[in-house]
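Student: Sharing a structure here in structure tokens format.
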Amino acid sequence: MTFEKRILCIGAGYVGGPTMAMIAFKCPGCRVTVVDINPERIAAWNSDDLPIYEPGLDKLIAATRGRNLFFSTDIEAGIRENEIIFVSVNTPTKTFGLGAGMAADLQYWEKTARQILEFSESSKIVIEKSTLPVKTALAMERILNCRENGIRFDVLSNPEFLAEGTAISDLEEPDRILIGSRETQTGLKARETLAEIYAQWVPREKIVTSNIWSSELSKLVANAFLAQRISSINTISALCEKAEADVTEVARAVGMDSRIGARFLNASVGFGGSCFAKDILNLVYLCRHYDLDEVADYWESVVHINRYQQERFIRNMLGAMFNTLAGKKICLWGFAFKANTGDTRESPAIFIARRLLEEHAEIVVSDPKALKNARADLAGAEGAIAFIEDPVRAAEGCHAIAILTEWDIYRDLDFRKIFKKMIQPAFIFDGRNVLDHHRCFSIGFNVYPIGKPPLTRF
Ligand code: NAD
Ligand code: UGA
């Protein structure tokens, strides 16, 4: 079969895999290949045991894999054979040298640019799908266009806004598709080529175009604004606990103002995920680079508050449990950074688990999808750690349950049965405000929600 367009994606991760599966599904006329340097990841994409858990992903893969979606480790052939190349490699926070702990580590990104240059035998459109600092496209252009051999590269920015756990519906019905390009004749043509792909299923009015730097910056700013809302409501949760107000009631009242909006106002043990902290720190680094220290400080506080909220959770536990956790057994319900994913990157659960171990507590980790990652995250941590998938069994013989991920399964468990099998007095610390706190209290638990007065017998 001949295909209208041949598309490559470099990087078969949480973004590359689902995004390309959606393009393949919606554009049967396109042949889509996803490549990665990690052979195990590619083998998993080619198996029934996909490398990531995402609701609906298995069906999408079943409908497309082998038809017009292919996973491969042959990066060289991929670059040679495809004219549209998405780059979706990881861009973690730098851990060494200048900008360590703040700036984006662009080594994977630059390596990819050099590979594209080395193996290309014809002109290409190269699309930044990874989240990158502003002006990264310039570096990409400089690397790609450093040879004068008649091969042209047009670089576009097309950031991804999907959230894990809802990736498939986010991809199917995105709020917007953003495409940034150079405003030259070839830049605009490349932009239209990409817009045509998305227009196969996304209404044209939702396909927004901009200059390339605005596009790069918009992605960082979108994540910063989302994280800022969570840190804002989390600061208010601290105040509610002192002032006997209820943060859920405050969030509802505030969010009903249509100018503010109701979403992303759930107070929690803190935000996690591979991107929020990384992208804000990246923004902070950029601001400092441009001598905008006040702006940098403002955004950095979003990350500080997030760490404060996690530490506050531990301090609340300590205070409630008579100022010592040593030798106490604490069950963690949820380890993923949010529900409906097995991803634990930057999960608040990692920090909480390590802090509990520092306090010499014993921990039992429970999660329906993230135990494999949890094991890896806690490898080498000192102390007693058990992993039990069933939350009811995990809580047996424990002094307290700490809810760290908002999995639906936790809402409707047999709390009477759980209470009877725990050490008394039994505690629940609901870091996600998912339980019926009054019901748990009436069963006998001492309940500590986030941002609400605790329900205790003391
Ligand atoms: P990931 O770590 O899951 O996947 C990245 C993949 O790139 C890995 O499998 C890695 O092996 C591969 N890779 C690295 N260097 C390579 C190279 N030179 N050649 C081929 N493959 C290479 O990361 P992710 O979560 O998919 O994120 C990718 C980018 O998308 C990041 O910039 C991230 O900020 C952004 N993003 C992520 C999400 C999300 O929900 N995870 C959402 C929007 C944007
Ligand atoms: C986030 C953004 O929502 C996506 O638009 C973006 O594409 C992505 O980052 C990215 O660039 O990686 P994601 O991290 O997958 O997506 O998930 P979110 O739903 O944003 O949740 C992030 C964290 O905030 C989770 O730990 C979640 O539990 C927490 N959260 C979210 C709250 O604590 N309260 C809320 O009200 C909402």
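Residue-wise test of (1) more than 16 Å from ligand 1 (Cβ to nearest atom); (2) without any contact (Cβ under 8 Å) to a residue 40 or more places away in the chain.
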position: Leu281; (1), (2): no, no
position: His289; (1), (2): yes, yes
position: Glu294; (1), (2): yes, yes
position: Trp299; (1), (2): yes, no
position: Thr324; (1), (2): yes, yes
position: Phe335; (1), (2): yes, no
position: Arg345; (1), (2): no, no
position: Pro348; (1), (2): yes, no
position: Arg354; (1), (2): yes, yes
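Student: Any residue in the range 243-257 that is open to solvent by 20 Å² or more (accessible area, probe 1.4 Å) and more than 25 Å from Pro454 (Cα to Cα)?
Tutor: yes
Student: Please tell me if Leu332 is closer than 18 Å to Gly397 by Cβ, more than 22 Å from the chain's Cα centre (by Cα) and modelled with pLDDT of 95 or more. Working first, answer last.
Tutor: Numbers: closer than 18 Å to Gly397 by Cβ: yes; more than 22 Å from the chain's Cα centre (by Cα): no; modelled with pLDDT of 95 or more: yes.
No.
Student: What are the residues in the range 30-58 that are under 21 Å from Asn82 (Cα atoms), of a type in the set (D, E, K, R) and more than 13 Å from ligand 1 (Cβ to nearest atom), if any?
Tutor: Of everything in the range 30-58, just one residue is under 21 Å from Asn82 (Cα atoms), of a type in the set (D, E, K, R) and more than 13 Å from ligand 1 (Cβ to nearest atom), namely Arg31.
Student: Considering only the range 271-281, I want to know if a residue exists there that is over 15 Å from the mean Cα position of the chain (by Cα) and of a type in the set (Gly, Ala, Ser).
Tutor: no
Student: Follow-up. Evaluate the range 198-206: report whether one residue or more is within 12 Å of ligand 2 (Cβ to nearest atom) and either in a helix (DSSP H, G or I) or in contact (Cβ under 8 Å) with a residue 12 or more places away in the chain (or both).
Tutor: Within the range 198-206, none of the residues are within 12 Å of ligand 2 (Cβ to nearest atom) and either in a helix (DSSP H, G or I) or in contact (Cβ under 8 Å) with a residue 12 or more places away in the chain (or both).
Student: In the range 406-449, which residues are touching a residue at least 60 places away in the same chain (Cβ under 8 Å) and open to solvent by 10 Å² or more (accessible area, probe 1.4 Å)?
Tutor: Glu406, Trp407, Asp408, Ile423, Arg432, Asn433, Tyr448
Student: Scan the range 121-138 residue by residue and report those that are free of Cβ contacts under 8 Å to residues at least 60 places away in the same chain and within 15 Å of ligand 1 (Cβ to nearest atom).
Tutor: Scanning the range 121-138 gives a single hit, Val126.
Student: Same structure again: Is it the case, given these coordinates, that Arg65 is out of contact with any Lys or Arg (no Cβ under 6 Å at 6 or more places or on another chain), open to solvent by 70 Å² or more (accessible area, probe 1.4 Å) and either near ligand 1 (Cβ under 9 Å from one of its atoms) or within 19 Å of Glu128 (Cα to Cα) (or both)? Walk me through how you get there before you give the answer.
Tutor: Details: out of contact with any Lys or Arg (no Cβ under 6 Å at 6 or more places or on another chain): yes; open to solvent by 70 Å² or more (accessible area, probe 1.4 Å): yes; either near ligand 1 (Cβ under 9 Å from one of its atoms) or within 19 Å of Glu128 (Cα to Cα) (or both): no.
Judged against the criteria, Arg65 is not a match.
Student: Which of the residues that make up the range 336-365 are open to solvent by 10 Å² or more (accessible area, probe 1.4 Å) and farther than 20 Å from Gly165 by Cα?
Tutor: Those that are open to solvent by 10 Å² or more (accessible area, probe 1.4 Å) and farther than 20 Å from Gly165 by Cα: Phe351, Arg354, Arg355, Leu357, Glu358, Glu359, His360, Glu362.
Student: Would you mention how many residues in the range 298-323 are assigned to a helix (DSSP H, G or I) and open to solvent by less than 80 Å² (accessible area, probe 1.4 Å)?
Tutor: Result for the range 298-323: 18.
Student: So which of Lys94, Lys59 ends up being under 30 Å from Ala277 (Cβ atoms), without any contact (Cβ under 8 Å) to a residue 40 or more places away in the chain and away from ligand 2 (no atom under 16 Å from the Cβ)?
Tutor: Numbers: Lys59 fails: under 30 Å from Ala277 (Cβ atoms).
Unique residue meeting the criteria: Lys94.
Student: So is Val221 touching a residue at least 40 places away in the same chain (Cβ under 8 Å), within 17 Å of Asp175 (Cβ to Cβ) and of a type in the set (Val, Ile, Thr) or not?
Tutor: Here the answer is yes, as Val221 does meet what is asked.
Student: Mind counting the residues in the range 444-458 that are among the aromatic types (Phe, Trp, Tyr) and at pLDDT 95 or above?
Tutor: 2
Student: Picking from Arg229, Arg204, Arg259, which residue would you name as being of a type in the set (Lys, Arg), touching a Lys or Arg at 6+ places or on another chain (Cβ under 9 Å) and closer than 26 Å to Leu178 by Cα?
Tutor: Working: Arg204 fails: touching a Lys or Arg at 6+ places or on another chain (Cβ under 9 Å); Arg259 fails: touching a Lys or Arg at 6+ places or on another chain (Cβ under 9 Å).
Testing whether each residue is of a type in the set (Lys, Arg), touching a Lys or Arg at 6+ places or on another chain (Cβ under 9 Å) and closer than 26 Å to Leu178 by Cα leaves just Arg229.
Student: Considering only residues of the range 139-167 that are part of a loop (DSSP other than H, G, I, E, B) and surrounded by 18 or more Cβ atoms within 10 Å (Cβ to Cβ), which is farthest from ligand 1 (Cβ to nearest atom)?
Tutor: Ranking the candidates gives Asn158 first.
Student: Here is a further query. Based on what the data block shows, is Ile236 touching a residue at least 60 places away in the same chain (Cβ under 8 Å), away from ligand 2 (no atom under 11 Å from the Cβ) and either open to solvent by 20 Å² or more (accessible area, probe 1.4 Å) or not in a loop (DSSP other than H, G, I, E, B) (or both)?
Tutor: Yes, satisfied.
The values are calculated or read from the model by the stated rules, or taken from the named source; none is laboratory data. Keep in mind it's a predicted model, so treat the numbers as computed, not measured. Because the Cβ atoms are built from the backbone with ideal geometry, glycine has one as well, and the counts that use them run over all protein chains shown. Surface accessibility is based on the protein's heavy atoms, side chains included, excluding ligands, DNA and RNA. Shrake-Rupley method; radii C 1.70, N 1.55, O 1.52, S 1.80 Å.
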